[in-house]
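The values are calculated or read from the model by the stated rules, or taken from the named source; none is laboratory data. Source: prediction; values computed, not measured. Here the Cβ is made from the backbone with ideal geometry for all residues, glycine too, and neighbour counts use every protein chain on show. In case anyone asks, the SASA skips ligands and DNA or RNA and just uses the protein heavy atoms, side chains included. Shrake-Rupley method; radii C 1.70, N 1.55, O 1.52, S 1.80 Å.
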Amino acid sequence: MLVLPAWRKRGEALGRDESAMEIFKDQLSEVDRDEARNLISGDEATAARSEIKRRMLAITKRQGNTTKAKSASGGVTVLVVSALAIPVLGFVLYGMRGAPEIPSQPFAERAEEQNEASEIAQLAETLRTRLLEDRTGGPSDGWMLLGQTYMRMNRFDAAAEAFGRVAERPDADSGVHSQYAEALISAENGVVTQTASRAIAQAMQLDPMNPAAVYYRARELAQDGLLRDARASLLLRIQEAPGFEPWMEIFLETANQYGEEIGIEEPVQLQDFAPMFAGRSQASTPGPSPEDVEAAEEMSGEDRAAFIRSMVDGLAARLAEEPGDLEGWLRLARAYTVLGNTEGATEAADKARALAEILPSDDPGRLATQAELNALGL
């Protein structure tokens, strides 16, 4: 597309323009004759002349631009070099930043995903139409479901509109406002706008312990340059928790990120909250014991990899018998990601996502699950 224009004969273009000018002149004469014979009114004749003259002026300008381009030096060279450089640059960038090692996905699987995405989009639009046609404004549950569907489709503006309708209602709880804030922030690529700030404040007012509201309030503080305050608010919320919750991991990760930016080199670990961490159910999400870790450190690289795989296989086997363990599926997704098992990680992520979606709208596990899966790229 870049090279072809360089080889076009500009004379042909000029010839077409000259022919068009002659036609427009004949049309002007015809308009004069029709007006003289009262076939068209004066207003119609004036409008027709204006349109014809506008087109003639456009041709005149194009001829001037063509003449300038014809006299420009090096135009063909620039086009040819661009045509050669762009694909080369694309391959280089893809090799540096892309993922050429990932195998191609079969066309049938892509087509199935596209069909599923199309069906979800159609169902979402059907639901939206019904809600808009409801004279009572539509039930809040319907709008929340629509907003959550749009969030999964990455249509954050549409999700914010759906959540916003519920947030305006007097019975909207803290969870509604925090989800509204999340959609607004996602729509702005992570920027906390004034509207999102008001939604966060409302969520905090209704429930100061709402983890989602606390998290986005910390994001807002960090955006304003108050990194130390943002970090402190996250750690304080963890301290106030009566027991372990899945969202704590993303809280710690974010707090440690803010700590690095303000010069705190020692990261905070979950073990630092010993009383609370001890209450975590080890039976529900088993992990390697200190003895297991010590033994793994003495193994060879091959034996260590086999040991890790056996641990992961054990977790997968347990989850097959206890599929309702949300945190377990998240851990399995993380483990498969580390091992490079993309298919296994995706399946585990889908299980976790499905469990999170049936949680109440104000349950912090929804936010924690989504944040975790986003961080893993799943």
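Split the accessible area of the range 133-208 by element, probe 1.4 Å, and carbon with sulfur accounts for 45%.
Please compute the net charge surrounding LEU319, taking Lys and Arg as +1 and Asp and Glu as -1 over other residues with Cβ under 12 Å from its Cβ. Net charge in that neighbourhood comes out at -3. Note on ARG62: accessible area is roughly 110 Å² with a 1.4 Å probe, heavy atoms of protein only. Surface calculation, 1.4 Å probe, protein heavy atoms: LEU39 sits at approximately 110 Å² accessible.
Label sites at GLU188 and GLU168, each approximated as a point 7 angstrom past Cα along Cα to Cβ, lie 1.9 nm apart. Placing ILE200, ILE40 in order of accessible area, with the largest value first and a 1.4 Å probe, yields ILE40, ILE200.
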